[in-house]
Structures are given as structure tokens and as C-alpha cells.
Amino acid sequence: MPPLWYRLLIVLLVPLYRLRLWMRSRHEPDYLSELSERFGPFAPSHIALSHMAPTDSQRPVWVHAVSVGETNAAQPVIQWLVDQGYPVLVSNPTRPGKARVRQLFGKYPPSQLESLFLPVDREAVLRPFIEQFQPRLVLLIETELWPTLLALLNQQGIPAMLLNARLSEKSAAGYARFPSLTRPMLAALNRIAAQDEETARRLIALGARPDTVIVTGSLKFDLQPPPDLPEQVIQLRQQWALSGRRVLVAGSTHEPEENQLLNIFKALHERFPDVVLVLVPRHPERFGSVAALITEKGWPLARRSRGDAIRPDTPLYLADSMGELWLWYALSQMAFVGGSLAPTGGHNPLEPARLGVPVVMGPNTQNFASIVAALEASGGLVQVTEVSGVYAQWAAWLQDESQRVSAGKAGQHFMQANQGALQRQLALVEHGLNLVDGSP
């Protein structure tokens with residue numbers, strides 16, 4: 001089990017977290033179900049009940065992803081498991097992540113795919129949860145590691161795999177500060193599929209067993225847009241009369257990026273009056289403050305949450321909705337990917353690249369350092385040092401259509417050249433399932 005200091009820390013933090021959720025539940029009743037899912041007692045589970053027969057052939061595969069991005073990356077893995085006939089339990093620690101699971105897999109009955117919040121990392125809570133579900137295999141996405149969870153899985157002989165593992169230099173330094181916590185966690189993993197060589201080296205240095213680590217590439221290169229996306233784009237372009245306009249998308253933005261972008265957009269709009277800027281804040285709790293900022297800056301406010309349209313005289317649109325980032329990128333001619341002017345490490349630029357949309361990012365891209373560097377080298381992305389660079393690059397692409405199209409095609413070619421991680425990671429999952437089932 002984890003060191004005593006960690007267990008005591010969790011004991012101290014849990015009541016505070018529980019109180020916070022309870023306070024929220026007084027005004028938002030759906031938080032009551034979150035309380036029971038995170039702390040117990042756990043409600044009867046359709047998946048758990050389905051495998052209480054003498055055979056364990058219906059024990060679920062447990063997939064754990066943090067939020068929207070990780071859930072999107074896990075989507076093809078989850079879909080493959082469902083298609084193979086395995087019941088799947090999907091857990092998330094965040095509300096946006098859980099909402100994304102519902103959007104992607106809501107058509108399946110709970111006996112086939114169940115979505116829950118991850119219980120807190122405390123033995124008294126996790127042990128009955130694991131006993132109730134009896135997972136045959138646990139798949140953790142990227143670097144979502146919990147010491148008590150992994151220790152309990154290891155104790156009970158339940159194999160755990162880390163898929164699409166990504167570890168930046170900064171994150172590795174943080175893990176290295178707590179070797180008594182980190183080394184047992186990594187050693188408990190049966191297989192680690194690393195996105196790149198740098199991640200593999202860092203994980204081994206931190207305590208992962210070298211024979212368990214394999215470099216497979218990133219699942220995010222195998223991203224597939226929603227199948228109905230082309231139809232949605234055609235419909236909106238017609239409804240909103242966008243054929244004569246150029247759309248710029250600022251996706252997954254953080255404070256103070258919206259303010260910075262609104263400042264440069266004034267000059268850009270004066271120079272190119274046909275353009276419309278779509279702002280997509282990363283976190284839903286900031287939708288209201290971004291709307292207030294737009295009004296404060298003197299722009300007319302059009303919001304997705306109200307069902308507003310982009311009209312011929314709409315210069316700015318607030319995409320305050322969840323799960324529609326693919327749509328906004330598909331409508332656009334160029335994109336800024338947020339978290340890169342703000343000091344948060346940046347977000348994934350591969351979605352717009354997959355759609356042939358050229359990308360601008362700021363200097364803070366530590367979270368996707370190798371991907372950003374490679375995409376920039378391909379010509380599909382331009383990295384700038386400050387917001388004025390975003391203005392300059394957008395203006396250059398608006399002025400020279402051939403340059404913009406060339407950059408978009410370069411990004412698409414880059415994506416195609418790096419695909420294949422999904423099949424490599426599915427092969428690892430299939431091998432792990434065969435071992436559990438006793439197959440050769």
C-alpha cells in the first residue's frame with residue numbers, strides 16, 4: 001500500500017472534498033449521485049449484476065480517462081471492446097469527461113457500458129468498488145495514476161495497463177519528488193504503451209519495469225472525426241450563410257487568452273471585415289466570464305448556449321457548449337489552440353490538423369512538446385512567442401490563400417504519416433485479455 005503520509009493526506013482531504021460536493025448538491029441536485037459514486041455506498045451496478053453467474057466471462061474491462069481529451073483518445077479503444085462483446089466500465093474524475101462518455105456511448109445500455117465517477121483513492125472506498133465490479137483488466141489512459149488503486153489491483157491480481165502514456169519533463173520532475181509513491185505505482189503496471197521515446201525513458205527512470213514499456217505512438221494521431229461531421233458542417237454553413245465568410249477558431253482557451261485575442265481581433269476585423277472569430281473556452285465554468293468580457297469589449301454577444309446563429313453581421317461567436325470542438329474546427333479556415341499563450345502547457349493541435357486546418361500556438365506547449373515540434377517541422381503549425389504573432393500569422397494566411405491551403409495540407413499529411421498507434425495499442429490490449437482468459 002502507499003506510504004503512511006499519503007494515506008493520512010487522503011484521510012484529511014476527503015471530508016473537505018465531500019463537503020464541497022454536498023454544498024454544490026444543495027443547488028444542483030445531480031451532485032448527489034456524484035457523492036455516492038465518489039465515496040460510496042455504491043448503488044447496484046448493471047454491469048456488476050450481469051456477471052454474478054458462476055462463470056466470470058462477463059467481467060468488465062475498466063477504462064479510466066481524466067477528461068474530454070483523454071476520453072476522446074480512448075474512444076476507439078472503448079468502441080473496440082464493446083464491438084468484441086466485452087462489457088465496459090468507464091470512469092472519469094471530471095464532470096466534462098463523464099459528460100463526453102455519455103455523448104459518445106449513450107446509445108449503449110448500462111449492462112453493456114456503464115459510466116461512473118472514479119471513487120476517491122482510499123482503500124475503504126476502493127476495495128468495495130473493485131469487489132463489486134471485479135474487472136478483468138484495467139486500462140488507464142495517459143498518466144492518470146492513483147497509488148491506492150494500483151496497489152489494490154496488484155494485490156488482487158487484476159492486470160493494469162497504461163495506454164497512450166505521456167509524461168512531460170515537468171511532470172516527470174514532479175513525480176521524481178515522491179519516489180516512495182511513484183516507483184511502486186509504475187512497477188505495478190503490467191504494460192505501458194508510451195507515446196514517444198522521451199516518455200518511455202522518463203517512466204523507466206521513475207521506476208517502470210523496462211520490459212513492460214513499449215513505444216507505440218499516440219492514439220491521438222488516429223483521431224477520427226464524428227461520422228456525421230460533414231453533414232453538420234454543410235447544414236450550418238447553409239443555415240448561417242458562411243459561404244462568403246472566413247472563420248477563425250480559438251479553441252480550448254484559458255484566461256487571459258480571450259482578452260488577448262479580442263484585442264488583436266479588433267485590428268484584424270478592421271483589415272478583413274468578412275472574418276468571424278469563434279471563441280471556445282476550455283472550461284465550462286468560465287463561459288459566463290468570457291461572455292461578460294465580450295460585452296465589456298463592446299462586441300455584440302452571440303452564444304451557442306442560447307441557440308444564436310452566426311449572421312452576416314456577426315463578427316464574434318462564443319461557442320459555450322461541450323463536445324463540439326470538432327465542429328468548430330471543421331467550420332474554420334485557421335485555428336489558434338489555447339493554453340499556449342497562458343502558462344498551462346497547451347492543448348492538442350492534432351484535431352484541426354486532422355481536418356486540414358492550419359494551426360497557430362503560443363510558446364507554452366510543454367504538454368505536447370514533441371507533437372508541436374514535429375507538426376511545426378511539417379509546415380502544419382506555426383509557433384509564436386506572443387499574441388501579436390497570432391495576429392501576424394492569421395493575417396498572412398488571410399492575405400495569401402495558397403499559403404493557408406498549403407499549411408493545412410501539410411498538417412493532414414503529417415497526421416496520415418504518424419497513424420498506426422491504435423492498432424499497436426489494441427494488440428497489447430488483446431494480448432492482455434487473452435492472458436486473463438487463458439488463451440494463447
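The values are calculated or read from the model by the stated rules, or taken from the named source; none is laboratory data. None of these values were measured; they are calculated from a predicted model. Here Cβ is always computed from backbone atoms with ideal geometry, including for glycine, and neighbour counts include all displayed protein chains. To get the accessible areas, we keep the full protein, side chains included, count just its heavy atoms, and leave off ligands, DNA and RNA. Shrake-Rupley method; radii C 1.70, N 1.55, O 1.52, S 1.80 Å.
The set of residues in segment 338-364 that are assigned to a loop (DSSP other than H, G, I, E, B), of a type outside the set (Ser, Thr, Tyr) and within 16 Å of the chain's Cα centre (by Cα) comprises GLY338, GLY339, GLY345, GLY346, HIS347, ASN348, PRO349. Restricting segment 188-199 to residues that are at pLDDT 95 or above and in a loop (DSSP other than H, G, I, E, B), the residue that is nearest to the chain's Cα centre (by Cα) is LEU189. Checking GLY298 against (1) open to solvent by 40 Å² or more (accessible area, probe 1.4 Å); (2) assigned to a loop (DSSP other than H, G, I, E, B); (3) on the phi < 0 side of the Ramachandran plot: exactly one of these is not met. Which one? It is condition (3) that GLY298 fails.
Please list, ordered by first then second residue, the pairs with beta carbon atoms under 7 Å, 6 or more apart or interchain, first in segment 201-219 and closer than 23 Å to PRO184 by Cβ and modelled with pLDDT of 95 or more, second aromatic (Phe, Trp, Tyr) and surrounded by 17 or more Cβ atoms within 10 Å (Cβ to Cβ). So the pair list comes out as LEU206/TYR175. Pairs only if they're at least six apart or on different chains, beta carbon under 6 angstrom, first in segment 332-344 and closer than 15 Å to VAL382 by Cβ and in contact (Cβ under 8 Å) with a residue 60 or more places away in the chain, second acidic (Asp, Glu) and in a loop (DSSP other than H, G, I, E, B); list them, first residue then second. Pairs found: none.
Counting only residues that are of a type outside the set (A, V, I, L, M, F, W, C), open to solvent by less than 10 Å² (accessible area, probe 1.4 Å) and under 22 Å from LEU219 (Cβ atoms), segment 406-431 holds 2 of them. Taking the criterion of being open to solvent by less than 40 Å² (accessible area, probe 1.4 Å), free of Cβ contacts under 8 Å to residues at least 40 places away in the same chain and assigned to a helix (DSSP H, G or I), the only residue of segment 376-389 that qualifies is GLY389.
Residue count for segment 316-337, restricted to those that are open to solvent by less than 10 Å² (accessible area, probe 1.4 Å) and either touching a Gly at 6+ places or on another chain (Cβ under 6 Å) or in a strand (DSSP E or B) (or both): 7.
This table checks each residue for (1) modelled with pLDDT of 95 or more; (2) under 30 Å from LEU277 (Cα atoms).
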| site | (1), (2) |
| --- | --- |
| ALA396 | yes, yes |
| GLN399 | yes, yes |
| ALA427 | yes, no |
| GLY432 | no, no |
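One line per residue, one yes/no per condition, for (1) open to solvent by less than 10 Å² (accessible area, probe 1.4 Å); (2) over 27 Å from MET1 (Cβ atoms); (3) not basic (Lys, Arg):
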position: VAL101; (1), (2), (3): yes, yes, yes
position: ALA124; (1), (2), (3): no, no, yes
position: LEU137; (1), (2), (3): yes, no, yes
position: LEU150; (1), (2), (3): yes, no, yes
position: LEU162; (1), (2), (3): yes, no, yes
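Candidates in segment 241-282 are the residues that are touching a residue at least 60 places away in the same chain (Cβ under 8 Å), assigned to a loop (DSSP other than H, G, I, E, B) and farther than 13 Å from TYR317 by Cβ; of these, the one that is most open to solvent (accessible area, probe 1.4 Å) is GLU255.
For the residues ALA373, ALA392, the requirement of being surrounded by fewer than 22 Cβ atoms within 10 Å (Cβ to Cβ), within 25 Å of GLU197 (Cβ to Cβ) and free of Cβ contacts under 8 Å to residues at least 40 places away in the same chain singles out ALA373. Inside segment 188-200, residues that are surrounded by fewer than 22 Cβ atoms within 10 Å (Cβ to Cβ) and closer than 17 Å to ILE371 by Cβ make up a count of 4.
The one condition from (1) on the phi > 0 side of the Ramachandran plot; (2) surrounded by fewer than 17 Cβ atoms within 10 Å (Cβ to Cβ); (3) not basic (Lys, Arg) that GLY356 does not meet is (2). Only one entry of PRO93, PRO87 meets the criterion of being within 19 Å of GLY323 (Cβ to Cβ), of a type outside the set (Lys, Arg) and crowded, with 17+ Cβ neighbours inside 10 Å, and that entry is PRO93. Looking only at residues in segment 164-187 that are open to solvent by 10 Å² or more (accessible area, probe 1.4 Å) and not in a helix (DSSP H, G or I), the one that is nearest to MET1 (Cα to Cα) is PHE178. How many residues does segment 201-224 contain that are touching a strand residue (DSSP E or B) at 6+ places or on another chain (Cβ under 8 Å), open to solvent by less than 20 Å² (accessible area, probe 1.4 Å) and under 21 Å from GLN419 (Cβ atoms)? Residues meeting the conditions: 4.
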